[in-house]
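Asker: My questions all concern the structure below.
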Amino acid sequence: MPAAPSASAPRYRRVLLKVSGEVLMGSQGFGLDMDTVEAVAEEIATVHKTGVELCLVIGGGNIFRGLAGAAKGMERGAADYMGMLATVMNALAMQNALERAGVDTRVQSAIRMDSVCEPYIRRRAQRHLERGRVVIFAAGTGNPYFTTDTAAALRAAEMGCDALFKGTSVDGVYTADPKKDSGAKRYARLTYHDVLAQDLKFMDASAISLMRENGIPIVVFSIRERGALLKVLNGDGVFTVVGDEEKS
């Protein structure tokens, strides 16, 4: 679990950052906005320089969402595999932006595609992190019927992360969608039980349960705000923390 913050030590030693695919669209309605990708990469590079070990999971909703494809009549398994391939495209774009920012990066895919990235191997990923590389986990869990939220929770547990940071378009978890309800209130802190009992849908229930079982806190913040990632890592800025009752 996170060590107590000090003047010389970061608040967290190792963090998994989950970035929604929709964030990478920027102001577009579809696909990748490279200015936005580069802005997120700069945020990650700034944090990487502090010595925090970072790994990423990026969603694919800006390119293809499996549930949406299934809702239009496509077989769910095939639709989910298409969504996984979309996450690989996003991961490669982010790798390119990070390496232009001077950050050594590896992409590992749960679906083997050795011509473009490494296969997911847990111990190899851990070694990359220990050597100061940012690791981007692509293709979800490699299985249909699981979201990238669940993949992020799984990889956070496997990597022994101190926290899972979820970077979205809003600055925390609200009582309702703040984009649709101007009266929605932001939670500062929640327990895992609160999230499941109130059916707060910022992350799927299987991911929340996996984080609860492993005692890994979830921090929800807006990745669109410049400098927010570093602020939140230092305990500043605006965000929502989900964790154990006595720790939250």
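The values are calculated or read from the model by the stated rules, or taken from the named source; none is laboratory data. Everything quoted here is computed from the prediction, not taken from an experiment. Every residue, glycine as well, gets a Cβ built from its backbone with ideal geometry; the counts of neighbours run over all protein chains shown.
Asker: Based on what the data block shows, is MET94 over 30 Å from ASN234 (Cβ atoms) and surrounded by 14 or more Cβ atoms within 10 Å (Cβ to Cβ)? Walk me through it before giving the result.
Answerer: Details: over 30 Å from ASN234 (Cβ atoms): no; surrounded by 14 or more Cβ atoms within 10 Å (Cβ to Cβ): yes.
In short, no.
Asker: Can PHE239 be described as closer than 27 Å to ALA78 by Cα and modelled with pLDDT of 95 or more?
Answerer: On the way: closer than 27 Å to ALA78 by Cα: no; modelled with pLDDT of 95 or more: yes.
The answer is no for PHE239.
Asker: Also, quick follow-up: From the list VAL232, VAL195, which one is part of a helix (DSSP H, G or I) and over 17 Å from the mean Cα position of the chain (by Cα)? Before the answer, list the steps.
Answerer: Details: VAL232 fails: over 17 Å from the mean Cα position of the chain (by Cα).
That would be VAL195, the only listed residue that is part of a helix (DSSP H, G or I) and over 17 Å from the mean Cα position of the chain (by Cα).
Asker: Which numbered condition trips up MET74, out of (1) part of a loop (DSSP other than H, G, I, E, B); (2) more than 17 Å from the chain's Cα centre (by Cα); (3) under 21 Å from ALA151 (Cα atoms); (4) not aromatic (Phe, Trp, Tyr)?
Answerer: Against the list (1) part of a loop (DSSP other than H, G, I, E, B); (2) more than 17 Å from the chain's Cα centre (by Cα); (3) under 21 Å from ALA151 (Cα atoms); (4) not aromatic (Phe, Trp, Tyr), MET74 comes up short only on (3).
Asker: Please find, among ALA101, ALA125, the residue that is modelled with pLDDT of 95 or more, buried (at least 20 other Cβ atoms within 10 Å of the Cβ) and not acidic (Asp, Glu). If you could, list the steps in order and put the result at the bottom.
Answerer: Details: ALA101 fails: buried (at least 20 other Cβ atoms within 10 Å of the Cβ).
Exactly one of ALA101, ALA125 is modelled with pLDDT of 95 or more, buried (at least 20 other Cβ atoms within 10 Å of the Cβ) and not acidic (Asp, Glu), namely ALA125.
Asker: If you don't mind, another one. Test PHE202 against the stated conditions and say whether it is buried (at least 23 other Cβ atoms within 10 Å of the Cβ), under 23 Å from TYR12 (Cα atoms) and under 19 Å from the mean Cα position of the chain (by Cα).
Answerer: Working: buried (at least 23 other Cβ atoms within 10 Å of the Cβ): no; under 23 Å from TYR12 (Cα atoms): yes; under 19 Å from the mean Cα position of the chain (by Cα): yes.
Spelling it out, it is not the case that PHE202 is buried (at least 23 other Cβ atoms within 10 Å of the Cβ), under 23 Å from TYR12 (Cα atoms) and under 19 Å from the mean Cα position of the chain (by Cα).
Asker: Among the numbered criteria (1) over 19 Å from TYR12 (Cβ atoms); (2) of a type in the set (Phe, Trp, Tyr); (3) assigned to a strand (DSSP E or B), which single criterion is violated by PHE165?
Answerer: Against the list (1) over 19 Å from TYR12 (Cβ atoms); (2) of a type in the set (Phe, Trp, Tyr); (3) assigned to a strand (DSSP E or B), PHE165 comes up short only on (1).
Asker: Please determine whether any residue of the range 165-172 is of a type in the set (S, T, N, Q) and crowded, with 23+ Cβ neighbours inside 10 Å. Full working, then the answer.
Answerer: Let us first name the residues in the range 165-172 that are of a type in the set (S, T, N, Q), namely 168-169.
From the residues that got through so far, the ones that are crowded, with 23+ Cβ neighbours inside 10 Å too are none.
There is no residue in the range 165-172 that is of a type in the set (S, T, N, Q) and crowded, with 23+ Cβ neighbours inside 10 Å.
Asker: Of these, ASP204, ASP181, ASP162, ASP199, which one is charged (D, E, K, R), at pLDDT below 95 and under 20 Å from LEU16 (Cα atoms)?
Answerer: Checking each option against the conditions leaves just ASP204.
Asker: Quick check on GLU22: is it at pLDDT 95 or above and under 17 Å from the mean Cα position of the chain (by Cα)?
Answerer: Judged against the criteria, GLU22 is not a match.
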